[in-house]
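What follows is one structure encoded as structure tokens, with my remarks underneath.
Laboratory data are not the source of any read-out in this text; all were calculated from the coordinates shown. What you are looking at is a predicted structure, and each value in this text was computed from that prediction instead of being measured.
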């Protein structure tokens, strides 16, 4: 199958307003897919949707501002896509905008991270993945983070939810492989995104280019279960050679310049 036969007709991109999500969306439109874009902030979301419509006027581009922590969020997304055939799900939502020791931080913020990264993601995968399985084709990309490699002090909840996402993707990859549905955990390291620049000014302009990251992901969907962006394989090997305690300490030191 070519790309559109395997992943068409529409891609649903959660966290599709800017950065890696927006790049995924633009490149998917270029590959012939219609789009449903979901993000919390309506302004950047509509800017991205308008840019894609201008660049690819033959593509249908739906956009809706949805808070994935809200109880009815998944129902809103299902209402948006309606009876359209969603053949590719990109779950890119759920960055952490805060750092700090868990017990000194806001519990509601931690619970929101769980809701976006795991609870909403599970519901979306269950709904759209079930349709893909029935059709015998499709793809699911869960965008993760190197923070999941070990528990990261200062980002305890974030590293935990991303670890859940990655191990879930690995199991799902095996379960759906016989049914023609591809699953990939796309784990990102330091990436130059607007969100990182806003939340962590020391990160502004640092890291890999979002367009390159999205391109790598699209080329690797069929090769799951895990894709480490950049030099991620070297980091995995380095951590594997350490005790877990030493790995946690090293991760803590690596993030020292970016913590609040």
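Would you calculate a helix-derived [θ] at 222 nm for the chain, using -39,500 (n - 2.57) for each DSSP H run of n ≥ 4 and dividing by the full residue count, to the nearest 500?
Here the helix-only value at 222 nm equals -14000 deg cm²/dmol.
Once you have a ≥ b ≥ c as the square roots of the Cα gyration tensor eigenvalues for the stretch 69-188, tell me rounded if a/c is under 1.5, and otherwise prolate or oblate according to whether a/b is larger than b/c.
Oblate shape, in that a/c is at least 1.5 and b/c is the bigger or equal ratio.
How far is helix 156-176 tilted, in degrees, relative to the longest principal axis of the Cα atoms in the chain, given as a value from 0 to 90 rounded to the nearest 10?
40
Rounding to the nearest 10 and keeping the result within 0 to 90°, find how far the Cα-based axis of helix 210-220 lies from the longest principal axis of the chain.
Orientation of helix 210-220: about 70 degrees from the principal axis.
Helix 244-254 against the longest principal axis of the chain: what's the angle in degrees, Cα atoms only, rounded to the nearest 10?
80
Determine Rg/Rh for the chain; Rg is computed over alpha-carbon atoms and Rh is the Kirkwood hydrodynamic estimate from the same atoms.
With Rg and the Kirkwood Rh in hand, the quotient comes to 0.95.
Calculate how many DSSP beta bridges within the chain are antiparallel, expressed in % of all such bridges and rounded to the nearest 5.
If we restrict to bridges inside the chain, about 0 percent are antiparallel.
For the stretch 3-258, what relative contact order do you get, as a whole percent, if you take Cα pairs closer than 8 Å and at least 6 residues apart?
After rounding, I find 18 percent.
From the Cα gyration tensor of the stretch 129-190, with a ≥ b ≥ c the square roots of its eigenvalues, which class applies: rounded if a/c is under 1.5, or else prolate if a/b is larger than b/c, or else oblate?
Prolate is the answer for the stretch 129-190, as a/c is 1.5 or above and a/b outweighs b/c.
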